[in-house]
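So the structure is just underneath, and the comments pick up after that.
We did not get these values from a lab; they are worked out from the coordinates using the rules stated. Small disclaimer: the values here were computed from a predicted structure and weren't measured. So basically every Cβ, Gly included, is an ideal-geometry build from the backbone, and we count neighbours across all protein chains shown.
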Amino acid sequence: MHSGTVVMLITWPPQDLKRKLSALDEKRGPSMVTQVPEGCTHVIVSTACGSLQEAIAPGELVILDQFIDRTTKRAQTFYDGTCGQLPGICHLPVAEPFCSLTRDCLKKAAEASNIPVHPSGTCVTIEGPRFSSKAESFLFKSWGGHVINMTTVPECILAKEAGLCYAAIAMATDYDCWHPHNENVSVELALTTFRENVGKVTQVLCAAVPIIAKLDWTVTIRELKDAVQQNVMI
């Protein structure tokens, strides 16, 4: 006989492999958040990224804590003043765009699974679907970006606006195109690295679920919802 806490866990499949590294259409973020069933409190995602720093080698994992937004065409709020959206304009504070407590759970899960992770990192999200030019890659690296992808923004913003505890595990699949001694990013290279290392992500996610389930999230969730309500202007 087993005893414990029953936890509702919902998984979303990744994009089709042919679109794994393509920019997602502007509706993906809103779609992801609006599909979250009532009562669901957390969203934890994995994301394939290029590394912008020598210290983050392909195959290594990063628990993201910041982003730099270089997207241009994506809906970034549910409160945009248009018909069918929520009323008002939300000036959402995103100084801390990821849930710090959920991030701590991921770090503990990685440690318990004996899987090394970089405990923090800034993700540059570009519009895509093309990859960066070498000049862009060097620019993003000089800004202090650690990894680069096409998916984190606006997903993390919309999740926060919806009052969800959001965290992301980034897997470096390549060195983008800035590195002088490594192959430039390509879909084939990124997918090969992703497939070889996805098991590590799965282990961390599975180990994180019971850690998250043991905590009382009442205050954290209330603070998230208050942050939205207090910053909506009608």
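Some values worked out for this structure:
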item: The chain - share of DSSP beta bridges that are antiparallel (%, nearest 5); result: 30
item: Region 124-154 residues near the modelled Gln85 label - backbone nitrogen below 15 Å, point 7 Å along Cα→Cβ; result: 154
item: Cα centroid separation, region 59-110 to region 120-195 (Å); result: 15
item: Relative contact order of the chain, defined on C-alpha pairs under 8 angstrom at six or more residues apart (%); result: 33
item: Exposure proxy order (Cβ contacts within 10 Å, fewest to most) of Val62, Val201; result: Val201, Val62
item: Under DSSP loop assignment and at most 16 Cβ neighbours within 10 Å, longest trypsin sites (Lys or Arg not before Pro)-free interval of the chain; result: 131-213
item: Residue-span extension gain [Asn182 to Glu38] - 0.36 nm each, minus C-alpha spacing; result: 47.3 nm
item: Computed magnitude of the charge dipole of region 42-97 (debye, nearest 20; Cβ of K, R +1, Cβ of D, E -1); result: 300
item: Ellipticity estimate at 222 nm from DSSP helix runs (n ≥ 4, -39,500 (n - 2.57)) divided over the chain, nearest 500; result: -10500 deg cm²/dmol
item: Net dipole in debye of the chain [+1 Lys, Arg Cβ; -1 Asp, Glu Cβ; about Cα centre; nearest 20]; result: 240
item: Relative contact order for region 162-231, counting Cα pairs under 8 Å that sit 6 or more residues apart, in percent; result: 38
item: Within region 90-199, chymotrypsin sites (Phe, Trp or Tyr not before Pro) in DSSP loop having at most 15 other beta-carbon neighbours inside 10 Å; result: Trp143
item: Difference of contour (0.36 nm per residue) and Cα-Cα distance, Ile10 to Ala57; result: 13.9 nm
